[in-house]
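Chemist: Got a structure here, written out as structure tokens. Questions coming.
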Amino acid sequence: MQLKSIQQQVVAVVGASSGIGRETALQFAKKGAKVVVAARSQAGLDSLVEEIRSFGGDTIAVIADVADFNQVKTIADKTVEHFGRLDTWVHAAATGMFARFEQITPEEFKRVIEVNLLGQAYGAMAAIPHLRREGRGALIHVSSVEAHVSLPLQSAYAASKHGIEGFLDSLRVELMHEGVPISVTNIMPSVINTPFYNKGKTKLGVKPTGVPPYYQPNLVAEAILYAAEHPTRDLLVGDTGRVLDFIHKISPHLSDALLNLVAIKGQHTKTTKYESDPNNLYDPIEGYDKAEGNFSQLATPSFLEVLDFNPIAKWGAIAGVGALALFALQAFKD
């Protein structure tokens, strides 16, 4: 499957007003793509469009709540109406709910699922007809390492991210069976320094935080841009998430024990925040129209993405590890 180079692409980025979506839109525009940015926040989109146009980027904005299919469809339709086609759909919109499961109301749980899971499905439904018409393209969905390993105090969020992986895996094989050249990628970030933790609703009594270390949103954006040019099934972003995912595959009981030790206390800050404080569960909130959050001092580099971006090096490393394992096993037998 051959995808267009980024400078030849028309890209729709959903959830673009802040965080990963905003950084991704900026990187696509800087590399010459025509970009449609979508979110609920008018102020966030206005500032993003202004920033993109300040360096000569070509962009338009569409206000949309992803929990409404017709609004999501409008994003895709306006992209084609304005730019003539759609090449890549990036879906990054999400909301969070930080609370013990027994504290969450049915309405709150439903809302997280509507935004995080149904919104992603609506995005694929809206984008695929246009990608089919173009004859090729990329569907890139941002889920989370929680698609594989659920964190406590985030039951609704974790359920939504598991669901994203489920529908993408099914969709991918359907398209493969039909011979439709649409790449379907699941991007799974670790803990990323975005305004997500400022905007999510909390019943913890304090401002929530991810469990450090954090990684900067530009790492996720780089993975998304890579997938827009190189058909890729899954990309985990952040070394810690990769390690946790590996531990969970080897021993779920061990990962449960580790999370029990660090993940409850680790999601609490010392800053008081009430359930009634502004949050973005149902409506956008202003003041967070930026890519990075408040935890830059806790951000660390991540190194293993270079293997995903360089398949020859990746398989060489795997072969090397395999050879060492066989050598060690043979030495043990001798």
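All of the numbers you see were taken from the coordinates with simple rules; none came from a lab. Quick caveat, the model's predicted, so the values are computed rather than measured. Positions of Cβ are generated from backbone atoms using ideal geometry, with glycine treated the same way; all protein chains shown enter the neighbour counts.
Chemist: Taking only C-alpha pairs under 8 Å that are 6+ residues apart, what is the relative contact order of the chain in percent?
Modeler: It rounds to 20 percent for the chain.
Chemist: Using all alpha carbons of region 116-205, what is the percent of pairwise distances in each 5 Å bin, ordered from the shortest bin to the longest?
Modeler: Answer for region 116-205: a P(r) of 3, 12, 21, 22, 16, 11, 7, 5, 2, 1, 0 percent.
Chemist: Below 25 Å, Cα to Cα, which lysines can residue 201 reach? Residues fewer than 8 away in the same chain don't count.
Modeler: The qualifying lysines are 110, 161, 265, 270, 273, 290.
Chemist: Expressed as a rounded percentage, what relative contact order does region 1-157 have, with Cα pairs under 8 Å and six or more residues apart? Mind showing how you got there, number by number?
Modeler: Numbers: 283 pairs, mean separation 39.2, N = 157.
Reported relative contact order: 25 percent.
Chemist: Please give the contour-minus-distance gain from residue 298 to residue 77: 0.36 nm per residue of separation, less the Cα-Cα distance, rounded to one decimal in nm.
Modeler: 75.5 nm
Chemist: What's the extension gain from residue 55 to residue 310 if we count 0.36 nm per residue and subtract their Cα-Cα distance?
Modeler: Here the answer is 88.8 nm.
Chemist: May I pose another question? Could you check the spin-label model distance between residue 47 and residue 8? Points 7 Å from the Cα along Cα→Cβ, value in nm.
Modeler: Reported label-point gap for residue 47 and residue 8 is 3.6 nm.
Chemist: Further question on the same structure: Decide, for region 6-303, between rounded, prolate and oblate: order the square roots of the alpha carbon gyration tensor eigenvalues as a ≥ b ≥ c, take rounded if a/c falls under 1.5, and otherwise choose prolate if a/b is larger than b/c, else oblate.
Modeler: Prolate shape, in that a/c is at least 1.5 and a/b is the bigger ratio.
Chemist: Need one number: nm distance between label points at residue 85 and residue 105, each 7 Å from Cα along Cα→Cβ, rounded to one decimal.
Modeler: That separation, rounded to one decimal, is 4.8 nm.
Chemist: Going 7 Å from the Cα of residue 246 along its beta-carbon direction, which residues of region 288-303 have the amide nitrogen within less than 15 Å of the resulting point?
Modeler: Answer for region 288-303: 302-303.
Chemist: How far is it, in nm, from the label point at residue 206 to the one at residue 173 when both lie 7 Å from their Cα along the line to the Cβ?
Modeler: Using points 7 Å along Cα→Cβ, the separation is 4.4 nm.
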